[in-house]
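Everything on this sheet refers to the single structure shown next.
The values are calculated or read from the model by the stated rules, or taken from the named source; none is laboratory data. Fair warning: this is a prediction, and the values are worked out from it, not measured in the lab. Reconstructed Cβ throughout: ideal geometry from the backbone, glycine too, with neighbour counts over all protein chains shown.
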Amino acid sequence: MNWREACAIAFSILVGNAFAGDSIPASLTGAKGDPARGRAIVANRQVGLCLLCHSGPFPEERFQGGLAPDLRSAARLSEGQIRQRIVDSTKLNPQSIMPAYYRSEGLERVAPAYRGKTILSAEQIEDVVAYLTTLK
Ligand code: HEC
């Protein structure tokens, strides 16, 4: 076990059953997302900003990031593991530079208009999860 896994397990013990290890198995909305909408969110430079850091199968996007793994690497992850990484990747890697897309607690220096809001909505998270699971 490496320290990331150890942290993920320690966290899951702390919070009880809400998270199973490094995975959030249940849909945040109770429904499946839409992969086509998810792809649009991932490629969008205003909403997802994923391509600032990641690359992926987007031949139409000229500039893609090299700071993070190609998104096709998500193929080895389960749907729940993908969901956890988008909701809050700092649960697995406290040093992660990836924004927590569905967390509103514990953030610093948040402008008043954005306080208590998440970057993506639960529906948008599920759309992105649905898209990334098609990359398998
Ligand atoms: C500021 C840079 C940044 C942005 C923006 C970003 N990520 Fe990441 N992401 C990372 C880094 C770095 C990692 C590698 C693990 C870590 O350090 O947390 C990662 C890991 C991941 C992983 C796990 C990959 C693997 O193979 O384990 C997934 C899935 C992922 N990101 C999806 C997304 C999606 C979807 C978006 C947009 C909604 C996004 N990321 C936006 C930096 C970023």
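One line per residue, one yes/no per condition, for (1) near the ligand (Cβ under 6 Å from one of its atoms); (2) modelled with pLDDT of 95 or more:
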position	(1), (2)
Arg62	no, no
Ser73	yes, yes
Gly80	no, yes
Ile86	yes, yes
Gln95	no, no
Unmet criterion (only one of (1) modelled with pLDDT of 95 or more; (2) near the ligand (Cβ under 7 Å from one of its atoms); (3) more than 15 Å from Glu123 (Cβ to Cβ)) for Ile41:
(3)
Consider only pairs whose beta carbons are under 6 Å apart and that are at least six residues apart or on different chains; among these, list those whose first residue lies in region 23-41 and is under 20 Å from Leu52 (Cα atoms) and whose second residue is modelled with pLDDT under 95 and within 12 Å of the ligand (Cβ to nearest atom).
Ile41/Val47; Ile41/Gly48
Only one of Arg62, Arg76 is free of Cβ contacts under 8 Å to residues at least 12 places away in the same chain and either closer than 30 Å to Trp3 by Cα or surrounded by 15 or more Cβ atoms within 10 Å (Cβ to Cβ) (or both); which?
Arg76
